[in-house]
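Please read the structure below before turning to the comments.
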Amino acid sequence: MKEERLILVTNDDGYDSKGLAAAVEVARGFGRVVVVAPETTQSGMSQAITMYNPLYLRCVRKEEGLEVYAFSGTPVDCVKMAFDYLLREERVDLVISGINHGSNSAVNVLYSGTMGAAIEGSFYGCPAVGLSLDDHGEDADFEAAVAYGRRIVGSVLENRIELPLCLNVNVPVGRPDELRGIRLCRQNRGFWREEFYRHEDPRGREYFWLTGAFVNEEPEAQDTDEWALSHGYVSVVPVQVDLTDYRQLGALAEVLK
């Protein structure tokens, strides 16, 4: 008898978000599902971990084939709690992080709590998939993200792919039959140009709201995740954690000798 797969699901929008429910919908078609997700929204936390505060875990829901836990830490804390405590005696077959409200394409992968959790999951010797929908709206339609999420997760589970493996998957807005398919991409080069808006509270103390706009440094390049999303494709970028700038090694060897 074939052993049932175990899928870990997490996110950065919180255990009760609409996107997490969609991720569970993706995962339940492939095996038993355990969710460990933040108690509250943890967007933009990247690889942050909690070191100086106690952490609290509570079981929210338990039924046949599904357990849901809320954890007071960051998305990466959630993955560590799952692997190093809750599931330490079991083998996890796949980590799904998401489905995020908003794209994590381009440089967003560095800021994203969703992708921070997916990357952390890949450290434990199993494939990981970060799923994001390019829609921040509370009434976002996750149907296409679920459909393509199932397709991509199924391909990862059914094929022997070299590990570590972490995929950054971004789905454009639209019905499933409106999207143009899957496009394997590289990460777009760009950056955020932030602005701080200054205000004063009723006591005269200044405070700031952060906002900004994304600057695409290569808008004409057709092999990037940003291009794919803007042209109706689901972008898939394999992610690695080696941040070494190999192009500079030779030049720096001369400068620093």
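The values are calculated or read from the model by the stated rules, or taken from the named source; none is laboratory data. Model, not experiment: these values are computed from the prediction. When we count neighbours, we look across all protein chains shown, and the Cβ atoms used for this are built from the backbone with ideal geometry, even at glycine. Just the protein is used for accessible areas: all its heavy atoms, side chains included, with ligands, DNA and RNA removed. Shrake-Rupley method; radii C 1.70, N 1.55, O 1.52, S 1.80 Å.
Of 165, 215, 197, whose Cα points farthest to the positive end of the dipole of the range 156-257 (charges on the beta-carbon: +1 Lys, Arg; -1 Asp, Glu; origin at the Cα centre)?
165
Dipole magnitude of the chain about its Cα centre, charges +1 at Lys/Arg Cβ and -1 at Asp/Glu Cβ only, in debye to the nearest 20? Before the final figure, lay out each step's value.
Working: 25 positive and 40 negative charges, 108 e Å.
Dipole size: approximately 520 debye.
Write down the percent of antiparallel bridges among all DSSP beta bridges whose residues are both part of the chain, to the nearest 5. Let's see the in-between values first.
Numbers: 21 of 50 bridges.
The answer is about 40 percent antiparallel.
So how do 103, 72, 132 rank on accessible area, 1.4 Å probe, biggest first, that is with the largest at the start?
On the way: 103 25, 72 50, 132 0 Å².
The ordering from most to least exposed comes out as 72, 103, 132.
Which Cα, out of 224, 182, 94, lies furthest along the positive dipole direction of the chain (beta carbon charges, K/R +1, D/E -1)?
Positive-most Cα among the choices belongs to 94.
Cβ neighbours within 10 Å, averaged per peptide: list 174-182, 62-70, 93-101, 146-154 in order, most packed at the top. Working shown, then result.
Details: 174-182: 12.6, 62-70: 14.1, 93-101: 27.7, 146-154: 19.4.
Result, highest mean first: 93-101, 146-154, 62-70, 174-182.
Round to a whole angstrom and tell me the spacing of the C-alpha centers of the range 1-68 and the range 115-154.
Value for the Cα centre distance between the two parts: 12 Å.
Treat the chain as a sphere of radius equal to its Kirkwood radius over Cα pairs and apply Stokes-Einstein at 25 °C in a medium of 0.890 mPa s; give the translational diffusion coefficient in µm²/s, rounded to a whole number. Mind showing how you got there, number by number?
Working: Rh = 19.2 Å.
Result for D is 128 µm²/s.
May I ask you to give the percent of accessible area on the chain that is carbon plus sulfur, with a probe radius of 1.4 Å? Each step should come with its number before you reach the end.
On the way: 7220 of 14310 Å².
Carbon plus sulfur share of accessible area: 50 percent.
Got a sec? What order do 191, 71 fall in by accessible area at 1.4 Å, biggest, i.e. largest, first? Don't skip to the answer; put the middle values down first.
Values: 191 65, 71 5 Å².
Per-residue accessible area, sorted high to low, gives 191, 71.
Can you tell me the mean projection area, over all orientations, of the convex hull of the range 10-52's alpha carbons? Units nm², please. Please report the intermediate quantities before stating the final value.
On the way: hull surface 14.5 nm².
Orientation-averaged projected area of the Cα hull: 3.6 nm².
What span do the alpha-carbon atoms of the range 1-120 cover on each of the three principal axes, reported in whole Å from largest to smallest?
Sorted largest first, the three principal extents are 44, 32, 22 Å.
Using helices alone, what [θ] at 222 nm do you get for the chain, with -39,500 (n - 2.57) per DSSP H run of 4 or more residues, divided over all residues and rounded to the nearest 500?
Working: 7 runs with 63 residues, N = 257.
Computed mean residue ellipticity for the chain: -7000 deg cm²/dmol.
Name the residue from 233, 75, 20 whose Cα lies farthest towards the positive end of the charge dipole of the chain, charges +1 on Cβ of Lys and Arg and -1 on Cβ of Asp and Glu.
Going by the charge dipole, the pick is 75.
Give the residue list of GluC sites (Glu not before Pro) in the range 213-252 that are DSSP loop and have at most 14 other beta-carbon atoms within 10 angstrom. Let's see the in-between values first.
Numbers: sites: 217, 220, 226; in loops: 217, 220.
Within the range 213-252, the qualifying GluC sites (Glu not before Pro) (loop, at most 14 other Cβ atoms within 10 Å) are 217, 220.
For the chain, report the accessible area per residue in Å² (1.4 Å probe, heavy atoms, rounded to an integer).
56 Å²
How big is the dipole moment of the range 81-197 about its Cα centre under a simple scheme where the beta carbon of each Lys and Arg is +1, that of each Asp and Glu is -1, and everything else is neutral? Debye, nearest 20, please.
Details: 11 positive and 17 negative charges, 116 e Å.
Computed about the Cα centre, the dipole is about 560 debye.
Let me know the charge dipole size of the range 15-103 about its Cα centre in debye, to the nearest 20, where only the beta-carbon of Lys, Arg (+1) and Asp, Glu (-1) is charged. Don't jump to the answer; show the numbers that get you there.
Working: 9 positive and 11 negative charges, 13 e Å.
Magnitude of the dipole: close to 60 debye.
Run through the DSSP bridge list for the range 1-76 and note the antiparallel percent, rounded to the nearest 5. Show your work: numbers first, answer last.
Details: 6 of 16 bridges.
So the antiparallel bridges amount to about 40 percent of the total.
Rounded to the nearest 10 Å², what accessible area does residue 123 have for a 1.4 Å probe in the complete protein model?
We get 110 Å² for residue 123.
Hey, what did the range 166-241 get for relative contact order, percent, Cα under 8 Å, at least 6 apart? Provide the component values of the computation, followed by the final result.
Working: 130 pairs, mean separation 37.7, N = 76.
Averaging sequence separation for qualifying contacts and normalising by length gives 50 percent for the range 166-241.
Can you tell me how much longer the chain between residue 28 and residue 159 gets when fully stretched, taken as 0.36 nm per residue apart minus their C-alpha distance, in nm with one decimal?
Details: separation 131, 0.36 × 131 = 47.16 nm, distance 1.87 nm.
Extra length from residue 28 to residue 159 when fully extended: 45.3 nm.
Hey, got a sec? Which GluC sites (Glu not before Pro) in the range 103-151 land in a DSSP loop and have at most 13 other Cβ atoms within 10 Å? Walk me through the intermediate numbers first.
Numbers: sites: 120, 138, 143; in loops: 138.
In loop regions of the range 103-151 (DSSP not H, G, I, E or B), the sparsely surrounded GluC sites (Glu not before Pro) are 138.
At 25 °C and a viscosity of 0.890 mPa s, what translational diffusion coefficient does Stokes-Einstein give for the range 123-257, taking Rh as the Kirkwood radius over Cα pairs? Give it in µm²/s as a whole number.
136 µm²/s
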